[in-house]
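Here is the structure we will look at.
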Amino acid sequence: MTGHERGWAVAILAALALLALLPLAGPRDDVLNFVFLILLAVTLAESWNIVAGYAGQVNLGHAAFFGLGALVTRTLWTAGMPVLLAMAAGALMATLFALVIGVAAFRLRGAYFAIGTLALGEILRSTVSNVLPEISTLPAATIAGYRLTHRYYLALGLAAVSVIAVAALATSRLGLGMRAIREDEAAAEASGVGALALKLTALALSTALAGLAGGLFAYYHISYYPSHPFGPHWTFDALLMTFIGGVGTLQGPVLGAVLYVVLKEYLALRWVDIHLLIFGALFVAIVLLLPGGLVQAVERARGVLGGARRAA
Amino acid sequence: MLEIRGLRAGYGDVPALSGVSLTVREGEIVALLGPNGAGKSTLLNCVAGLVRPWAGTIVWDGRDLKAAAAHLVIEHGVALVPEGRRLFGGMSVQENLELGAFAPRAWPKRRAALERVYALFPVLAERRRVAVQALSGGQQQMVAVGRALMASPRLLMLDEPSLGLAPRLVAAILEALVAINRDGVAVFLVEQNVPAALSLAHRGYLLEGGRIAGEGSGTDLMANEHVRRAYLGPLAVRR
Amino acid sequence: MILGQQLLLGLLIGGLYGLAAAGLSLIFGVMRVLNVAHGELIMLGGYGAFWLAALLGVDPFASLVLVIPGSLLLGAVLYTGLFGFVVRAHEETRVKNSLLIGFGLALALQALAVRLWTADERSIPTSYSGATISVGPLTIPLVRLATLALALVLIGALQLLLSRWRWGKAIRATAEDWQAALLTGIDIRRAYLLAFALGTALAGAAGTLVTVAYSVSPSIGLEWTLKALIVVVLAGLGSMMGTFVGGLVLGLAEAASAATFGGPYREIVGLVIFVVVLAVRPRGLFGR
């Protein structure tokens, strides 16, 4: 991790710490909801970033793990288990599933891995949609005892955990190995880096976080269709946020998540269709012109300004 | 005439050619010899436009070939028979040959060109509808050479045409090259089979480690101590 | 509904799956670009026909005469403005970038469609919409039969184009070995452009046929991209007719699974086939 990224890690965690104070200022519910959504998005994006940015594979089935986490958490929590335990169980299920299919999935390369994981995600969504078609609503007693601040702090904690996890990964031996296989897998294997084990580790970490995010989703929403968190748009949102912000960096997904939720919540109210058009176009532009996303744009601007200042 | 001066090229940061200069005159057969990895294929690929050189000039017929787009090189009269043949496997012999005349100038004359190729390689005429991946190595090589001839090139370059072929077939290919050369086509031949190459070349160059290490007439090179020791070994037999 | 009837309907839609897949297969086979917005191009073709019918009263089958050239042009524009830049990279990056660009494009096109036509489902009712013929116990909807026939005709026409037309041969050669293609004088960028345009034209045609036989809405994109992908993987690359047959196989498999396990499992069987083929025989049934 560069000193630059380290700076970002500190800044982000400081911001999160400040956000912990927000509920004390007695804000309106919709402000808390808005920040909650950003925090959930940060977790989702950072978790996807682990496999894409560090292990170099485009996983289009990410929503499957988000959904599994939600499903298991919801089921256990509404049956009486304490929510944190239920979320842990959800993350565990998601990770186990990931490891099982990961061994087979990682035999596929590039595009095939992407569309293969997409298909797997869709299979899960379709199955859940058929097996559990009824809407899942919290019992009245739970709704009565619903505290938004609890959800808020959980989201804050989870976002912090995901940022710390990615930071730790980037600096660890694990992260170095992953970068090696991302650059040139054959060469890395030849120097003793066990590619499959590393990719599976990345997948496990990524899906555990996604599973926890799913659990948070299940804890937060009062009612939703069980197949909803399995929908591919969750994967695509994570993709969008990570790439627009800057894949493979620590701060990229955070920036992308903030931008995405802000634009979506504010612009979408007035132009519900155009905001997707903007994102689509922005995404294409970034892939073509600025593959490093906003992070790269900031670097360039910094370089230009620095040069201008030096010249002045 | 093909004139190469000071050619430098490589892949990524790794140099393959470190300043190569050579000439192929009209009507000549020139051989380029050298060990594996010396840069012979890179040289041909640079002329054919598949690899962009770092420095140096490639002039053919007074025209700077370096500036030409890869698919236009054949229009200028230079054809390459690449290493490993690189045929269009799922397509038939006839289709492969026809595609050799794809260039706009050559396309209208493709029927006549086809007949000439079939005259040169009669066995191909018999198997014209067969998919090339079903042919033997020798026949595939004939298709590869034939395909390169379809646009009536004035310089024919070949990258290791004898690779993997039985001696009888190698001889057949070489005979065809002599016939092609008699028609006025210059031949630039990269070969590891030194006796074969020198048996028909007027002149030859030695490429070692990305540089020209020697040149001379075919017979001179054949008699050269260094060449004999390095490439002909104890089994060298005087032809 | 009896099994035979269900299988028949599966066969009828299978032809459209094949047509949808053919375009994707051509593009991927020639330039290794995976356009995941292919379904959205199908959707646009459908809306094109819808507009022509709603605004000008053009019969949907006749509108193919306009939709196909229109889609051809759209494909050329998309290649020149977008995917043409992707092919500059080498294969692995190319595939990944095309995946990402296709994704952004899909998002934008879907949003555009909602803007232009709302999110409602649209269809094109005609005077002959309900016509059927009876063959034994089976009732064959004529419109759907016509779409199957047209899909076959279009794929056959493509096959002919690829084998007889000078540039069709160039496209096939480029798909086999682009460097050898360059050596024989083929401008591979032009081959890519033509392949992309042709693939998009097929998508547009498929969209028109889907709309006249069923319906269209802005969200059908992902579903059709997946169907096309499944068929491409099932059939393998390299044969247009093989792709058509692959489409029929998918249609039949869906019908059989719906008949056996119930309607909801129709979608899953295709995805399961997809995953199994990827795992067991990645080059597909007819691929080389």
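Below are the figures for this structure:
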{"quantity": "Residue match in region A:148-170 (condition: over 13 Å from residue A:43 (Cβ atoms) and part of a loop (DSSP other than H, G, I, E, B))", "calculated": "no"}
{"quantity": "Scan of region B:97-113 for residues that are under 23 Å from residue B:181 (Cα atoms), within 14 Å of chain C (Cβ to nearest Cβ) and assigned to a helix (DSSP H, G or I), ordered by number", "calculated": "B:97, B:98, B:99, B:100, B:107, B:109, B:110, B:111, B:113"}
{"quantity": "Single residue of region B:85-96 satisfying the filter (facing chain C (nearest Cβ under 10 Å) and under 22 Å from residue B:158 (Cβ atoms)) that is surrounded by the most Cβ atoms within 10 Å (Cβ to Cβ)", "calculated": "B:96"}
{"quantity": "Looking only at region A:218-227, and only at residues there that are surrounded by fewer than 24 Cβ atoms within 10 Å (Cβ to Cβ) and touching a residue at least 60 places away in the same chain (Cβ under 8 Å), the one that is nearest to the other protein chains (Cβ to nearest Cβ)", "calculated": "A:227"}
{"quantity": "Positions within region C:208-267 being outside any helix (DSSP H, G or I) and touching a strand residue (DSSP E or B) at 6+ places or on another chain (Cβ under 8 Å), in sequence order", "calculated": "C:215, C:216, C:217"}
{"quantity": "Lone qualifier among C:99, C:105 - being assigned to a helix (DSSP H, G or I), at pLDDT 90 or above and within 30 Å of residue A:233 (Cα to Cα)", "calculated": "C:105"}
{"quantity": "Single condition residue C:281 does not satisfy, out of (1) of a type outside the set (A, V, I, L, M, F, W, C); (2) within 13 Å of chain A (Cβ to nearest Cβ); (3) closer than 30 Å to residue C:118 by Cα", "calculated": "(3)"}
{"quantity": "Matching entry among A:292, A:245 (being small (Gly, Ala, Ser), surrounded by fewer than 20 Cβ atoms within 10 Å (Cβ to Cβ), touching a helix residue (DSSP H, G or I) at 6+ places or on another chain (Cβ under 8 Å) and touching a residue at least 40 places away in the same chain (Cβ under 8 Å))", "calculated": "A:292"}
{"quantity": "Residue among A:214, A:177 that is surrounded by 19 or more Cβ atoms within 10 Å (Cβ to Cβ), modelled with pLDDT under 85 and in contact with a helix residue (DSSP H, G or I) (Cβ under 8 Å, 6 or more places away or on another chain)", "calculated": "A:177"}
{"quantity": "Failed item, numbered, when residue A:110 is tested on (1) touching a helix residue (DSSP H, G or I) at 6+ places or on another chain (Cβ under 9 Å); (2) more than 11 Å from chain C (Cβ to nearest Cβ); (3) modelled with pLDDT under 90", "calculated": "(2)"}
{"quantity": "Verdict on residue B:129 being buried (at least 16 other Cβ atoms within 10 Å of the Cβ) and not aliphatic (A, V, I, L, M)", "calculated": "no"}
{"quantity": "Only one of A:131, A:100 that is out of contact with any helix residue (DSSP H, G or I) (no Cβ under 8 Å at 6 or more places or on another chain) and within 20 Å of residue A:206 (Cα to Cα)", "calculated": "A:100"}
{"quantity": "Options A:11, A:20, A:52, A:25: the member that is over 17 Å from the mean Cα position of the chain (by Cα), within 21 Å of residue A:293 (Cβ to Cβ) and not acidic (Asp, Glu)", "calculated": "A:11"}
{"quantity": "Residues of region A:113-139 classified as of a type in the set (D, E, K, R) and within 11 Å of chain C (Cβ to nearest Cβ), total", "calculated": "2"}
{"quantity": "Any hit, region C:204-212, residues being surrounded by fewer than 20 Cβ atoms within 10 Å (Cβ to Cβ) and in contact with a helix residue (DSSP H, G or I) (Cβ under 8 Å, 6 or more places away or on another chain)", "calculated": "no"}
{"quantity": "Entirely in region B:123-227, the helices (runs of 4 or more DSSP H) that have 1 or more residues that are within 14 Å of chain C (Cβ to nearest Cβ) and under 30 Å from residue B:15 (Cα atoms)", "calculated": "B:137-149"}
{"quantity": "Options C:232, C:216; residue that is among the β-branched types (Val, Ile, Thr), buried (at least 24 other Cβ atoms within 10 Å of the Cβ) and touching a Gly at 6+ places or on another chain (Cβ under 7 Å)", "calculated": "C:216"}
{"quantity": "Out of C:183, C:193, sole residue that is surrounded by fewer than 24 Cβ atoms within 10 Å (Cβ to Cβ) and either among the hydroxyl-bearing types (Ser, Thr, Tyr) or closer than 30 Å to residue B:45 by Cβ (or both)", "calculated": "C:193"}
{"quantity": "Residue in region C:34-54 that is at pLDDT below 90 and crowded, with 22+ Cβ neighbours inside 10 Å present", "calculated": "yes"}
{"quantity": "Criterion (in contact (Cβ under 8 Å) with a residue 40 or more places away in the chain, among the aliphatic types (A, V, I, L, M) and within 14 Å of chain C (Cβ to nearest Cβ)) met by exactly one of A:94, A:104, A:55", "calculated": "A:55"}
{"quantity": "Residue check, residue C:83 modelled with pLDDT of 90 or more and under 24 Å from residue A:240 (Cα atoms)", "calculated": "yes"}
{"quantity": "Of all residues in region B:65-84 being in a loop (DSSP other than H, G, I, E, B) and out of contact with any strand residue (DSSP E or B) (no Cβ under 7 Å at 6 or more places or on another chain), the one that is surrounded by the fewest Cβ atoms within 10 Å (Cβ to Cβ)", "calculated": "B:69"}
{"quantity": "Among the residues listed as B:119, B:186, the single one being among the small types (Gly, Ala, Ser) and touching a residue at least 24 places away in the same chain (Cβ under 8 Å)", "calculated": "B:186"}
{"quantity": "Subset of region C:75-105 (residues that are surrounded by fewer than 20 Cβ atoms within 10 Å (Cβ to Cβ) and away from chain A (no Cβ under 12 Å))", "calculated": "C:76, C:77, C:80"}
{"quantity": "Unique residue being touching a residue at least 60 places away in the same chain (Cβ under 8 Å), over 30 Å from residue B:129 (Cβ atoms) and not hydrophobic (A, V, I, L, M, F, W, C) when the list is C:189, C:115", "calculated": "C:189"}
{"quantity": "Set B:47, B:51, B:30, B:20: member being modelled with pLDDT of 90 or more and in a helix (DSSP H, G or I)", "calculated": "B:47"}
{"quantity": "Residue count, region C:206-239 (criterion: away from chain B (no Cβ under 14 Å) and over 24 Å from residue C:107 (Cβ atoms))", "calculated": "5"}
{"quantity": "Helices (runs of 4 or more DSSP H) fully within region A:216-294 counting 2 or more residues that are among the polar types (S, T, N, Q)", "calculated": "A:232-245"}
{"quantity": "Number of the condition not met by residue A:73 [criteria: (1) out of contact with any Ser or Thr (no Cβ under 8 Å at 6 or more places or on another chain); (2) of a type in the set (S, T, N, Q); (3) surrounded by fewer than 23 Cβ atoms within 10 Å (Cβ to Cβ)]", "calculated": "(3)"}
{"quantity": "Test: residue in region B:229-238 that is touching a Lys or Arg at 6+ places or on another chain (Cβ under 6 Å) and in a loop (DSSP other than H, G, I, E, B)", "calculated": "yes"}
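The values are calculated or read from the model by the stated rules, or taken from the named source; none is laboratory data. Everything numeric here is computed off the predicted structure, so don't read it as measured data. For neighbour counting, all protein chains shown are included, and Cβ atoms are generated from backbone atoms with ideal geometry for every residue, glycine included.
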